[in-house]
Amino acid sequence: MNVKRGLLIGVVALSTAVLLTGCGKKENKIKNYEKELEKTLNNVAAQIENEVNSLENQIDTTNTTNNATSSSSTTNQNGFEISFRSEEYTTQDKEGKTVFYNKRNIPTVKNLANSAAATKIENSLREISDKNWNELTKSANEYTEGGMKAYDTPYGVSYVMKTAANNSKVVTIEANQSGSMGGVSWTAREFYTYDAQSGELLTIGTMAKNETELKNALREIIKNYVNNNFSYIQNDVDKSIDEILNQNGNYGILDDQFVVVLPKYSFGSGADGVKTVEISKGVINSYLAEKYQL
């Protein structure tokens, strides 16, 4: 878009029309006015063009069958730039009414000083997001094809990631899932922690000074939390804790605390929902490898 060119054409046209009606000193005076007007309009046109270009650069014009749009949340610390692009997926019934509206955001990770780590983190996060997204879209299609009725407010599930920690030691991404497919709500909270130097996804074993000691400490902390925060315990607590600690996504290192997620149905009824155990650095540091201590 060339705003300046359009405005200058207008100036020339206006000046020509005026000059045709004047002569002598009036003609010189009009030419002076023309120069001043052209200078002013040049400045205005340049400002408008800059604003338009800035707005155009913010708009992602990519169109896909899944209605991809752009929505980023970027952090810039220690060389890592983490952004997210939104993607939507909808299904319609035979009358064209929307039955399901699902949403996720796709991560992009960059680091000019450590591109290998950035690529490794991005690939891991996209694999996690894709796996969840495939499950959501498949379920939406199956329910729609099975005759699910469209309501004024469509059903749908969102799976949204955000940066939870980004420092010299770790990069941690939090993922939240919420919504419904028409029955029981799909609710989850996950944390994925990566080594900021290697880009490796950390496990309890790789972030611990001693894996057994860290697991034993976490087991006691979680047991105490469950006994004080769950109204009804129907599962084997020790078995459930081991399953949680052996599954990526259920724990993470943040800037000032360690978190463990207790997924829905882990110990009791769905009414208890998803719970998160927050452990202070004063408690957890002695069990973490020195390079990951808070």
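Take every Cα pair under 8 Å in the stretch 164-251 that's 6+ residues apart, average their separations, divide by the length, and report that relative contact order as a whole percent.
Relative contact order for the stretch 164-251 comes out at 24 percent.
Filter the trypsin sites (Lys or Arg not before Pro) in the stretch 145-199 down to the DSSP loop ones having no more than 15 other Cβ atoms within 10 Å, then list what survives.
Taking the stretch 145-199 and a limit of 15 other Cβ atoms within 10 Å, the loop trypsin sites (Lys or Arg not before Pro) found are Lys149.
Please label the shape of the stretch 123-243 as rounded, prolate or oblate, based on the square roots a ≥ b ≥ c of the eigenvalues of the alpha-carbon gyration tensor (a/c under 1.5 means rounded; beyond that, a/b larger than b/c means prolate, else oblate).
oblate
Spin-label point model (7 Å from Cα, Cβ direction): what's the Glu88 to Asn285 distance in nm?
4.7
Say R0 is 41 Å: what FRET efficiency, to the nearest 0.05, do Asp238 and Glu95 get from their beta-carbon distance?
0.20
Where the only charges are on Cβ atoms (+1 Lys, Arg; -1 Asp, Glu), what is the dipole of the stretch 202-294 about its Cα centre, to the nearest 20 debye?
The calculation lands at about 40 debye.
I need the GluC sites (Glu not before Pro) found in the stretch 73-162, filtered to DSSP loop residues with at most 14 other beta carbons within 10 Å of theirs.
Glu95
Got a sec? Charge dipole of the stretch 74-152, +1 on Cβ for Lys and Arg, -1 for Asp and Glu; which of Gly79, Thr119, Tyr89 is way out at the positive end?
Going by the Cα projections, it comes out as Gly79.
For the pair Lys149 and Asn78, what calculated FRET efficiency results from E = 1/(1 + (r/R0)^6), where r is the Cβ-Cβ distance and R0 = 45 Å, to the nearest 0.05?
Efficiency for this residue pair is about 0.35.
Got a sec? How would Met148, Met207, Met161 order by Cβ neighbour count within 10 Å, fewest to most?
If I rank by nearby Cβ atoms, fewest first, I get Met148, Met161, Met207.
Determine the gain in length on full extension of the stretch Glu135-Asp255; use 0.36 nm per residue of separation and subtract their C-alpha separation, reporting nm with one decimal.
Difference between extended and current length: 40.0 nm.
Which entries of Lys138/Lys264; Lys110/Lys275; Lys138/Lys281 have Cα-Cα distances beyond 30 Å here?
In this structure, Lys110/Lys275; Lys138/Lys281 lie more than 30 Å apart at Cα.
Do any GluC sites (Glu not before Pro) in the stretch 169-211 lie in a DSSP loop with no more than 15 other beta carbon atoms within 10 Å, and if so, which?
Taking the stretch 169-211 and a limit of 15 other Cβ atoms within 10 Å, the loop GluC sites (Glu not before Pro) found are Glu200.
Taken together, the values in this text are just the output of simple stated rules run on the coordinates, not laboratory data. This one's a predicted model, so the numbers in the text were calculated from it and none came from an experiment. We place every Cβ from the backbone using ideal geometry, glycine too, and count neighbours over all the protein chains shown.
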